[in-house]
Amino acid sequence: QVQLVESGGGLVQAGGSLRLSCAASGISFRMYYMDWYRQAPGKQRELVATITSAGVTNYVDSVKGRFTISRDNAKNTVYLQMNSLKFEDTAVYYCHAGWGRYEHWGQGTQVTVSS
């Protein structure tokens, strides 16, 4: 059974930092590209950051220079380090794994940034 379990969300003041984690099980983790998405109330789900199986990263413009995605294949875990958080970063953050036609989603973790 495939599971992606996010953790690390919470309430933080603007300018603060959080680190999200996503622990994967039931998949050949090192073969998957991993993403973080987010969805704010009333908005569409947005791709925030991607890391390929080779470790290549990409970010949406709004988080470049503030967020860092990384992965630890030995721990089957992907991380999202979020610094200099802004009110507009408030959203539910979802972990996503993809490989060919296979894709899996986590249940999401809430990040709330107070202004």
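The values are calculated or read from the model by the stated rules, or taken from the named source; none is laboratory data. Owing to the predicted nature of the structure, the values given are computational and were not obtained by experimental measurement. Reconstructed Cβ throughout: ideal geometry from the backbone, glycine too, with neighbour counts over all protein chains shown. The protein model used for the area step is the full one, side chains on, heavy atoms only, and it has no ligands, DNA or RNA in it. Shrake-Rupley method; radii C 1.70, N 1.55, O 1.52, S 1.80 Å.
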TODO: Could you tell me whether any residue of the range 77-86 is charged (D, E, K, R), open to solvent by 60 Å² or more (accessible area, probe 1.4 Å) and assigned to a strand (DSSP E or B)?
DONE: no
- [ ] Scan the range 68-90 and report the pairs whose first residue is more than 16 Å from residue 112 (Cβ to Cβ) and whose second residue is open to solvent by 60 Å² or more (accessible area, probe 1.4 Å) and assigned to a helix (DSSP H, G or I), with Cβ atoms within less than 7 Å and a gap of 6+ or a chain change.
- [x] 73/30
Task: Residues located in the range 89-107, provided they are part of a strand (DSSP E or B) and either β-branched (Val, Ile, Thr) or open to solvent by 80 Å² or more (accessible area, probe 1.4 Å) (or both) - done: 92, 99, 102, 103, 105
Task: Residues satisfying the stated conditions in the range 53-76, i.e. surrounded by fewer than 17 Cβ atoms within 10 Å (Cβ to Cβ) and either modelled with pLDDT under 95 or hydrophobic (A, V, I, L, M, F, W, C) (or both) - done: 54, 56, 60, 74
Task: Selection within the range 1-43 - among the hydrophobic types (A, V, I, L, M, F, W, C) and either surrounded by fewer than 16 Cβ atoms within 10 Å (Cβ to Cβ) or over 18 Å from residue 74 (Cα atoms) (or both) - done: 2, 5, 11, 12, 14, 18, 31, 36, 40
Open item on the list: buried (at least 16 other Cβ atoms within 10 Å of the Cβ) and within 18 Å of residue 10 (Cα to Cα): is that true of residue 50 in this structure?
Closed with: no
